[in-house]
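One structure is given here, and the rest of the page talks about it.
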Amino acid sequence: MEALERIGLRDLKRMLDREHARYIVRKYGGRCVTCGKVTQSPQCGHLLSRYSETTRWDTADDGNCHCQCASCNMRHEADPSVYTEWYIRRNGKKAFDALVRRHHQVANWTREDILAMLAHVTGTAATAGRKEGLPEDNLPRHVSDGQMTHAVNNDRAQAMTLLVEHLRNKKVPTHNSQVRQLSPFCYPGGKTLLVPDVLKWLTALKTKPSLFVEPFAGGAIVGLSVAAEGLAQHVFLSELDDDVAAVWQTIFYGKPSDVQWLCKQILSFDVTRENVIAVINGNPRSTPERAFRTIVKNRMHFGGIMSASAGLIKNGTAGRGLKTHWFRETLVQRIEVLHGLRDRISFEQADAFDVVKCFANDPNVVFFVDPPYTIGEKKPGALLYTHNEVDHERLFALMASVHGSVMLTYNDAPEVRSLAERHGFCIESVPMKTNHNKIIRELLILKP
Ligand SMILES: C[S@@+](CC[C@H](N)C(=O)[O-])C[C@H]1O[C@@H](n2cnc3c(N)ncnc32)[C@H](O)[C@@H]1O
């Protein structure tokens, strides 16, 4: 009793939010009432907004609160019809009208009322307020009351719903030719095929994001496309790799003479096996020189892989040697276009976690997060990048905590799905094509 007596009314209500959500989830066995699925991160859905306290902590079947999965709870923000229809089917229109009327009444809960509700949902009516406070149950810590999704603004929820619908209808991967190629890299694990999906998502937002952050930038095709299309006020890229960073630093921060030098090197490069090896083994003394070496490495190494283990392409296309991989005019044209966009793009050689933390409290930021895939049985990212160790648990926790919208991309592994569910993300998949023209599905892990 003493423990609860010391707690202010606001904190008591927060406690009630949490315990009530657990109660609702437990009551329905974690099964979403609208889609019927049992997921690892069930939530307490509110049919009518949780801002009205009269109906915020309902526990009856014909009350305002029922168990939902994160996806259905999020979709309800933009399209309340599914949940409403379920409710009316189950409880009748009269019950619905009564709920709406009650919802619009002013709540006059006293401290005793809140304590009584708390005792009810924790099953401690007889011992409510015992010294140690309220008991913990064995539901996962992340079971949320849907507060996060309900606090999300409607515009963002609606844009996310449209994206989810689009992804669910997408049966074949994007074709390369459908994307404006902007990056000078042919990046291993690059997300060119996701560009139309991300642009669609951002186009659906009524308010342009103040910032689009791509913290694991690599070849950065998504961030570059967002900048080129003007779909965010600014784009921020970060990357740890020294070689990759040299390219972005030259293009976005180099003097015009540096960029001209780089373009001239590309145009005049005599592509023979000896010259390629000489450049790759060379010791660049300036950032533009390093940028040139990186581009040679990226274009001449098998699969664009620049980490130490990678080898040179053998015979080029149709056995015509390395020359067939050196699209000099195309490379120069892309570099010039990007240099022209430098006012819209910032780049920092920095750790993704630090960068995300910098922008974590701004709700107008959109994060596109494509880390090395080093989780699950196969760990495909481990051989592709010099920097490939990522604490994925920490990354999910961080991305769940930011105020802005999030899209993470991942390989479809049970470990990834479990992390995403535990942190309350919505999980969708998208068809992608591998370098060997195999169609696979990758995960898009979303938060509006
Ligand atoms: C999957 S790739 C990104 C590919 C990119 N989305 C594209 O389309 O080209 C992941 C990148 O993250 C970088 N990286 C790994 N750990 C990092 C970290 N802690 N901070 C920043 N970048 C990191 C790797 O060097 C690699 O370039």
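Structure summary
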| read-out | value |
| --- | --- |
| When the convex hull of its Cα atoms is projected in every direction, mean area for the chain (nm²) | 24.3 nm² |
| 222 nm mean residue ellipticity, helices alone, for the chain (DSSP H n ≥ 4; -39,500 (n - 2.57); rounded to 500) | -13000 deg cm²/dmol |
| Degrees, to the nearest 10: 287-300 long Cα axis against longest axis of the chain | 90 degrees |
| Charge-dipole axis of the stretch 188-247 as Lys and Arg at +1 and Asp and Glu at -1 on Cβ define it, positive-most pick from 217, 195, 231 | 231 |
| Table column - 3J(HN,Hα) (Hz), the stretch 275-286, Karplus curve with 6.51, -1.76, 1.60, x for Gly and Pro | 5, 4, 5, 4, 5, 4, 8, x, 10, x, 9, 10 |
| Proximal lysines relative to residue 93, as straight alpha-carbon distance under 24 Å, when same-chain residues fewer than 8 apart are discounted | 27 |
| Cross-link table 314/379; 171/297; 208/264; 200/357; 170/206; 314/378, entries beyond 30 Å C-alpha to C-alpha | 171/297; 208/264 |
| For the stretch 182-195, 3J(HN,Hα) per residue [Karplus equation, 6.51 cos²θ - 1.76 cosθ + 1.60, θ = phi - 60°, Hz, x = Gly/Pro] | 10, 7, x, 8, 10, 8, x, x, x, 10, 3, 6, 8, 3 |
| Value of Rg/Rh across the stretch 40-81 [Cα atoms, Kirkwood radius] | 0.95 |
| Two-site FRET efficiency, residue 93 against residue 116, from Cβ-Cβ distance with R₀ of 22 Å, rounded to 0.05 | 0.10 |
| Rg over Rh [alpha-carbon atoms, Kirkwood Rh] for the stretch 48-121 | 0.98 |
| 185, 269 arranged by Cβ crowding within 10 Å, fewest neighbours leading | 269, 185 |
| Full-stretch length increase - residue 105, residue 53 - with 0.36 nm per residue and alpha-carbon distance subtracted | 17.8 nm |
| Within the stretch 311-397: Cβ-based charge dipole about Cα centre, in debye rounded to nearest 20 (Lys, Arg +1; Asp, Glu -1) | 680 debye |
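We did not get these values from a lab; they are worked out from the coordinates using the rules stated. These numbers come from a predicted model, not from an experiment. We place every Cβ from the backbone using ideal geometry, glycine too, and count neighbours over all the protein chains shown.
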